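The values are calculated or read from the model by the stated rules, or taken from the named source; none is laboratory data. Keep in mind that this is a model prediction, so the values were computed, not measured. Cβ atoms come from the backbone with ideal geometry, glycine included; neighbour counts cover every protein chain shown.
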There are 2 protein chains.
Amino acid sequence: MNDDPALEAVAGNGLLHRRLFLRGSVAAGLTFMTAKTATAAPPDVPASMLVPGAGMSGYGLRSPHEDHVQRGFGSLPGTVGTGASRTPLEHLEGIITPGALHFERHHNGIPDIDPAGHRLLIHGLVERPLIFDLDSLSRYPLVSKLQFIECSGNSGANNAAEPPNVSAGTIHGLVSNSQWTGVPLSILLDEAGVQSEGRWILAEGSDAAGMSRSVPMTKALDDAIVAIYQNGEHLRPGNGYPMRLFLPGWEGNMSVKWLRRIEVTAGPTMTKDETSKYSDLMPDGRSLLFTFPMEVKSVITSPSGTNAMQGPGLYQISGIAWSGAGRVGRVEISADDGESWAEAALDDPVLPMSLTRFRLPWRWDGGPAVLQSRAVDETGAAQPTRTAMLAGRGSAYRYHYHAIQSWAVTESGEVSNVYS
Amino acid sequence: MNDDPALEAVAGNGLLHRRLFLRGSVAAGLTFMTAKTATAAPPDVPASMLVPGAGMSGYGLRSPHEDHVQRGFGSLPGTVGTGASRTPLEHLEGIITPGALHFERHHNGIPDIDPAGHRLLIHGLVERPLIFDLDSLSRYPLVSKLQFIECSGNSGANNAAEPPNVSAGTIHGLVSNSQWTGVPLSILLDEAGVQSEGRWILAEGSDAAGMSRSVPMTKALDDAIVAIYQNGEHLRPGNGYPMRLFLPGWEGNMSVKWLRRIEVTAGPTMTKDETSKYSDLMPDGRSLLFTFPMEVKSVITSPSGTNAMQGPGLYQISGIAWSGAGRVGRVEISADDGESWAEAALDDPVLPMSLTRFRLPWRWDGGPAVLQSRAVDETGAAQPTRTAMLAGRGSAYRYHYHAIQSWAVTESGEVSNVYS
């Protein structure tokens, strides 16, 4: 067909080498074929050039033509704000989640907090109990980290017996990525003076659920921060305004929002939120407690469930990968239901505990295909198949679903969720 | 006072080594002294814990308590949208500018564009003129880059004879940083087939100003993209929705917004926007044309103009640095009006042509101080003093102001803009 070496197939069913798009041109004789050849006349001068445009604003809005890009959300029956909203991953690109589209998981709604009245108490097994308000906390040294947060219940829709035919965001949208800026918790604890028997902390939010989790002191002193900024501006109300705990790479609910209290304790407090919830029921009836890190994971967002292909030809497969253990090491793509795999290109920057964007060229021949991505992190941990994951954990295991996502492409170009 | 080696003064007037905050604790006997010691009782249970919170939303808003964080803006007399709005740098942290607070510079307002009707024509000295709409363009391979854009007129307020006593954003807020995702222009030009005599392009926007600039083909084929996403979501209307040219590191107006036409030409077109404007008048009456790259620059944002200090003690100096030539190499801070300098810590990631956040501990003794930052990029280019820059360019030179910013701190803790 074409002897351009860049068109070398690197895995079955049309996957091409990742360098194809990196060299800044396509390939001799191979175009995307989606542009139209222009005729002699340029396009008509658009109406927008004939009248002055709108003026400026202090805080901008997106285009009304983008109103269809929304988080999906639902609350438990009989409640106002107990539930979750999900990032529409299939509509986003890159690795930054805009604040307005960041996922939210609330246990009793979003509290309305005036920062002037908000206080954070650090107490318990400390030499000097301390109280901070937003102004005093902002005086402390800040650090900024571009990192993901993922609800441990993310992707649980794929625990259903039949694969739900919904979008990538509806299944996997309880993960988002922001630049979080805050004060290292280690500095605050150092100032309070942790007593030698203080091995855990309890973090409590000021929402109506009194959301509270126990965190080992090792994590509190390692990379935990009290975050006050999200993507440059102060936290969004649904993400803990005016301050939240942020525990990089650990299950999202532990990054307690609307943080009001950190109590240094000798052991875990065994709160309702870590015993009745966020524990993992095993096949033998026992539960795993304190399964903190989020495991290595990836999902193809383009094309993805409910998308329609535009006909046979060249495509770019694109998606996100992440790991609570550090950097993404590599991402592999299959177009033939896992028979063969090709390594994807990773966009810079590849940061620890951050979403990483991967891309690979694919020449779809119009036949049936099953697209999968498989992430391996820098520790060597690899994303399992759904079959392998469920075999190890049993069907009652509710959290930490991180198996390979399979998207089937039909000859008519419909893309849908399948189990493989 | 204190023999902790981390408190070693590394430059005059209280600058401390950057490692002080990196080790995760402060220093024996030295606290920030802004937290209050708690008394026996914990804070009262806040009202927010006594009632269910608010429910979720599809597209979220920031807290109403943040309404004071706004872009300042102004339009030329008699016009609706000819002017600029500025990012409030002093209110932001990290390196990402939220879309709602990204600076805007418009030459005749913000056009209202329905992407369904928008077209991009690539024509001129090409083999195959092509027309793209947003759907067909989105089919092409995308790349994502976290990069700044800066108006070449940024910081021009400091050309005034007397230093304006305004905020960091009011002076320097015509710079913002986003993750831009788009199609490499090289791939589109490759598909159109550039003829051998095609050495420049003309880029034209579909605003009422018909904003248009000439770009050398070398840049077009190097790292230019046609951007369609900004921080994960589609471009904001004020930043070119649905598509803009993006030229990393080059003066902002060349990254033509609302892009409708790229014409491949043999030479520069000499549009009104590159002759009557965005050319640099020299002391001898001649003008420099095509001064494309933005030079190495930095500004301290905390503390900064119009801030008030909270009394003597330990502070973190924080600011942003950037260069159109690549990565920031290092940033140095002075607290004694340039007599002595200390190297700041740089937050990861340090990316080419991206804002970079720098930080340094400072123990303010309550006396007068002049704070300055000086960036050096990876090519070795260093930010000049204001005196040196003006001496070289003359007073009529309007663009590319990138001199060292000086903030005076008085004994009463007022921070204001000064020339030094």
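Every listed requirement among (1) closer than 30 Å to B:Thr265 by Cβ; (2) in contact with a His (Cβ under 6 Å, 6 or more places away or on another chain); (3) not acidic (Asp, Glu) is met by B:Val69 save one, (1).
Residues in region B:27-71 that are modelled with pLDDT of 95 or more, in contact with a Pro (Cβ under 7 Å, 6 or more places away or on another chain) and among the aliphatic types (A, V, I, L, M): B:Val69 only. Of all residues in region B:340-385, those being over 19 Å from the mean Cα position of the chain (by Cα) and more than 14 Å from chain A (Cβ to nearest Cβ) number 14.
Being more than 9 Å from chain B (Cβ to nearest Cβ) and among the acidic types (Asp, Glu) is the filter; apply it to region A:195-217 and report the residue that is farthest from B:Pro52 (Cα to Cα).
At the first step, the residues of region A:195-217 found to be more than 9 Å from chain B (Cβ to nearest Cβ) are A:195-204, A:211-217.
Imposing the further condition that a residue be among the acidic types (Asp, Glu) reduces the set to A:197, A:204.
On the way: A:Glu197: 36, A:Glu204: 16 Å.
Here the residue is A:Glu197.
Scanning region B:106-163 for residues being over 27 Å from the mean Cα position of the chain (by Cα), surrounded by fewer than 19 Cβ atoms within 10 Å (Cβ to Cβ), small (Gly, Ala, Ser) and farther than 25 Å from A:Gly60 by Cα gives a total of 1. Looking across region B:55-98 at every residue that is among the acidic types (Asp, Glu) and in a loop (DSSP other than H, G, I, E, B), the one that is nearest to the chain's Cα centre (by Cα) is identified as B:Glu93.
Given the criterion closer than 25 Å to A:Thr301 by Cβ and touching a residue at least 12 places away in the same chain (Cβ under 8 Å), identify the matching residue among B:Met243, B:Met217. Give the steps one after another, and end with the answer.
Working: B:Met217 fails: closer than 25 Å to A:Thr301 by Cβ.
One residue alone meets the criteria, B:Met243.
Name the single residue that is nearest to A:Pro242 (Cα to Cα) among those in region A:103-159 being of a type in the set (S, T, N, Q) and in a strand (DSSP E or B).
Restricting to residues being of a type in the set (S, T, N, Q) and in a strand (DSSP E or B), the top hit is A:Ser144.
The residue of region B:54-101 that is farthest from B:Ala321 (Cα to Cα), among those that are more than 7 Å from every other protein chain (Cβ to nearest Cβ), surrounded by 19 or more Cβ atoms within 10 Å (Cβ to Cβ) and among the charged types (D, E, K, R), is B:Arg86. Against the list (1) within 17 Å of the chain's Cα centre (by Cα); (2) of a type outside the set (Lys, Arg); (3) not in a loop (DSSP other than H, G, I, E, B), the condition B:Glu332 fails is (1). Determine whether A:Gln230 is surrounded by fewer than 24 Cβ atoms within 10 Å (Cβ to Cβ) and polar (S, T, N, Q). No; evaluated as a whole, the condition is false for this residue.
Those strands (runs of 3 or more DSSP E) of region A:360-420 in which at least 1 residues are closer than 19 Å to A:Val331 by Cα and of a type in the set (Phe, Trp, Tyr), considering only elements entirely within it, cover A:406-409. Quick check: is even one residue across region A:307-318 among the aliphatic types (A, V, I, L, M), part of a strand (DSSP E or B) and away from chain B (no Cβ under 14 Å)? No; the residues of region A:307-318 include none that is among the aliphatic types (A, V, I, L, M), part of a strand (DSSP E or B) and away from chain B (no Cβ under 14 Å).
Taken together, A:Val376, A:Val370 contain a single residue that is of a type in the set (Val, Ile, Thr) and either surrounded by fewer than 16 Cβ atoms within 10 Å (Cβ to Cβ) or touching a Lys or Arg at 6+ places or on another chain (Cβ under 9 Å) (or both), which is A:Val376. Can you say whether B:Glu274 is touching a strand residue (DSSP E or B) at 6+ places or on another chain (Cβ under 9 Å), more than 9 Å from chain A (Cβ to nearest Cβ), surrounded by fewer than 24 Cβ atoms within 10 Å (Cβ to Cβ) and assigned to a helix (DSSP H, G or I), as far as the supplied structure shows? Spelling it out, B:Glu274 is indeed touching a strand residue (DSSP E or B) at 6+ places or on another chain (Cβ under 9 Å), more than 9 Å from chain A (Cβ to nearest Cβ), surrounded by fewer than 24 Cβ atoms within 10 Å (Cβ to Cβ) and assigned to a helix (DSSP H, G or I).
Does B:Arg199 meet the test of being at pLDDT 95 or above and closer than 30 Å to A:Gly169 by Cα? Break it down into steps so the answer makes sense when it comes.
Values: at pLDDT 95 or above: yes; closer than 30 Å to A:Gly169 by Cα: no.
No; evaluated as a whole, the condition is false for this residue.
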